[in-house]
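K.L.:
Please read through the structure below; I'll follow up with questions.
The values are calculated or read from the model by the stated rules, or taken from the named source; none is laboratory data. What you see is a predicted model, and the numbers here were worked out from it, not measured in a lab. With ideal geometry, Cβ positions are generated from the backbone for all residues, glycine too; neighbour counts draw on all protein chains shown. Areas reflect the complete protein model, heavy atoms only, side chains present, ligands, DNA and RNA absent. Shrake-Rupley method; radii C 1.70, N 1.55, O 1.52, S 1.80 Å.
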Amino acid sequence: MAGEAFGQAADRLVVDVWSDVMCPFCYMGDTLLAQALEKFPHASGVDVRYHSFLLMPQLSDDDAPVSPTELLSAKHGLPREQAQAMNDQVTERARQIGLDYRMDRAQAVGTRTAHQLSHFAATQGKQHEMVQQLFKAYFTDGRNVADHQVLADLAADVGLDRDAALAALASGEFAEAVEEDIQQARQYGIQGVPFFVFAGKYAVSGAQPVEAFLQALDTSWNETVGAADAAPAGAGR
């Protein structure tokens, strides 16, 4: 079911991720988790599911795009120069893990529709690729990720049917799934993103080092899938 969290097959480890397209630490966190999975010996048995979170819920998809620096300045009452310096620090941190942030190009917009595209991609088995493409579109390419035509192009870039993506966005087919994710985040007390939940029980908040993700993967695997594999035949019957 779209939006449902924490369901897990006995032979798979599920990592549930709450994030937002325009959250700089979410892009970093996703990248660091991917780097951890490259080192994790059971990576083929891990499923990563993405859930919607609105970092700036006050922004509407219909609003004109604004500069992230201006947005940060207005939100926290900071001088523009201070907001720019904060974004520069984030850009440098991203560069250190191989990401190219161009905050001068970025267009801050409402992201509900972008999250709908993520859910559409999930039905086609392409959610992770779609999330990565959305991050790159926002942080590196300066695309308007509230624009349906832009989103349809991004869907095509990851091998999805452009017309089907456009139709799904126009109909709002996955709008309810997005709202379900947002409500679940509130129920679980998630107040910031990225937020990662391993096997429905171990949480990692923020763009943590690769080692922290590896530890969470190891622990959750050993207590779920690994424990099931090690159980004697007939155990629990």
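K.L.:
What figure in square angstrom, to the nearest 10, would you give for the accessible area of residue 39 with a 1.4 Å probe?
P.N.:
130
K.L.:
Using a probe radius of 1.4 Å on heavy atoms only, what accessible surface per residue do you get for the stretch 1-150? Whole Å² is fine.
P.N.:
45
K.L.:
Using only the heavy atoms of the protein chains and a 1.4 Å probe, how would 118, 171 rank by accessible area, largest first?
P.N.:
Greatest to least solvent exposure: 171, 118.
K.L.:
Could I ask something else about it? Roughly how many debye, to the nearest 20, is the charge dipole of the chain about its Cα centre, given +1 on each Lys and Arg Cβ, -1 on each Asp and Glu Cβ, and no other charges?
P.N.:
440
K.L.:
Bin by bin, in steps of 5 Å, what percent of the Cα pairs in the stretch 30-111 do you find, going until the bin that has the longest distance?
P.N.:
Distribution as computed: 3, 12, 16, 17, 19, 14, 9, 7, 3, 1 percent.
K.L.:
With every protein chain kept in the model, how would you rank 73, 60 by accessible area, 1.4 Å probe, largest at the top?
P.N.:
60, 73
K.L.:
Another question, if that's okay. Just to verify a number: what accessible area does residue 31 come out at with the full protein assembly present, 1.4 Å probe, Å² rounded to tens?
P.N.:
Counting only protein heavy atoms, the figure is 20 Å².
K.L.:
So which lysines can residue 201 reach, going by Cα to Cα under 26 Å and dropping same-chain residues fewer than 8 places off?
P.N.:
39, 126
K.L.:
Quick one: Debye curve from the alpha-carbon atoms of the stretch 79-149 only, equal weights, vacuum; give me log10 I(q)/I(0) at q = 0.17, 0.23 Å⁻¹ to two decimals.
P.N.:
-0.70, -1.03
K.L.:
How large a share of the accessible area of the chain, in percent, is made up of carbon and sulfur atoms when the probe is 1.4 Å and the other protein chains stay in place?
P.N.:
It is 48 percent, rounded to a whole number.
K.L.:
Rounded to the nearest angstrom and ordered from largest down, what semi-axes does the equivalent ellipsoid of the chain get from its C-alpha gyration tensor (root of 5λ)?
P.N.:
Its equivalent ellipsoid spans semi-axes of 31, 21, 16 Å.
K.L.:
Can you put 130, 86 in order of accessible area, largest first, using a 1.4 Å probe?
P.N.:
So the residues, ranked largest to smallest area, are 86, 130.
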